[in-house]
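Computed from the coordinates by the stated procedures, all read-outs in this text should not be read as laboratory data. Keep in mind it's a predicted model, so treat the numbers as computed, not measured. Cβ coordinates were reconstructed from backbone atoms using ideal geometry, including for glycine residues, and neighbour counts include every protein chain displayed.
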Amino acid sequence: MVEVGFFGAAGEVTGSMHLLDTGVDKILLDCGMFQGRRKESREKNENFPINRSQITNMVLSHAHIDHSGRIPLLTKDGFSGRIITTRPTKDALDYMLLDSGHIQESDALYLNYKSLRAFLYQAEQSKTQHQISNKEKARIKNLLKTSPHELNVEAIAALHKEHGLDMVTPLYTQEDAMESLSFIDGYPFGSEVMIGTGTTVKFYVAGHILGSAFSLITVKPENG
């Protein structure tokens, strides 16, 4: 019996992710990132709801991040299949996923910078908590930035460790995104592609964005 599970974009508009279980294969349909308030989105995105090692292959409808943004999380932890999409979408992901990785890194760095600023503020306001010298406060402030508009990544990490502060880590990195691209295969519209045992997909132009597609998935009955 064929079953479909909904793990995002059901009752909400981001985080598109569905699972087609044919009884033989598990086919992931989209792997989108939840977007919205930072804390809530982070918790949802970190909680990958499916055992990635059990997914046979993935079909991607288009390149928007709320449909593709968790692909690096899929590929770096247990997934060994292929990501099937259209050729234009594959090309777009070369830019979209790397840009998303950069955003994840930048966001984590900014939050860690804010954490250190809050630590300094508390130290300045309190005579008993976070007791550090004025010289140390000045040193920390000088180390936080390499220029007026550029944060010092190495110094911020070292200062967090030195003062026992919790670090925010990126959801994934640009390197993770780059590695995920090797899992993606692009196909022409209208071509029939095998995505599982007796299961195929054929892409039709959707017109949403360049490369977006309606995915016609055909599951052949086990008895033929």
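Details
- Electrostatic tally near residue 213: other residues with Cβ closer than 12 Å to its Cβ, Lys and Arg +1, Asp and Glu -1, net +2.
- For the range 66-166, lysine pairs separated by 8 or more sequence positions, or belonging to different chains, with Cα-Cα distances below 22 Å total 16.
- When only the Cβ of Lys, Arg, Asp and Glu is charged (+1, +1, -1, -1), the dipole of the range 125-224 relative to its Cα centre reaches about 680 debye.
- 15 Å beta-carbon shell around residue 37, net charge (K/R +1, D/E -1): -2
- Model label zone, residue 107; criterion: amide N under 14 Å from point 7 Å along Cα-to-beta-carbon; scope the range 32-69: 32-47, 65-69
- Ordering of 148-159, 58-69 by burial proxy (mean other Cβ atoms within 10 Å per residue, highest first): 58-69, 148-159
- For the range 54-155: relative contact order, % (alpha-carbon pairs under 8 angstrom, 6 or more apart): 21 percent
- Of all DSSP-defined beta bridges confined to the chain, some 70% are antiparallel rather than parallel.
- Length added when fully stretched, residue 80-residue 42, from 0.36 nm per residue minus Cα-Cα: 11.2 nm
- Average Cα contact separation per residue, the range 16-92, under 8 Å, 6 or more apart, as relative contact order %: 32 percent
- Protection proxy ranking for 163-175, 82-94, using the average of other Cβ atoms within 10 Å per residue and placing the highest first: 82-94, 163-175.
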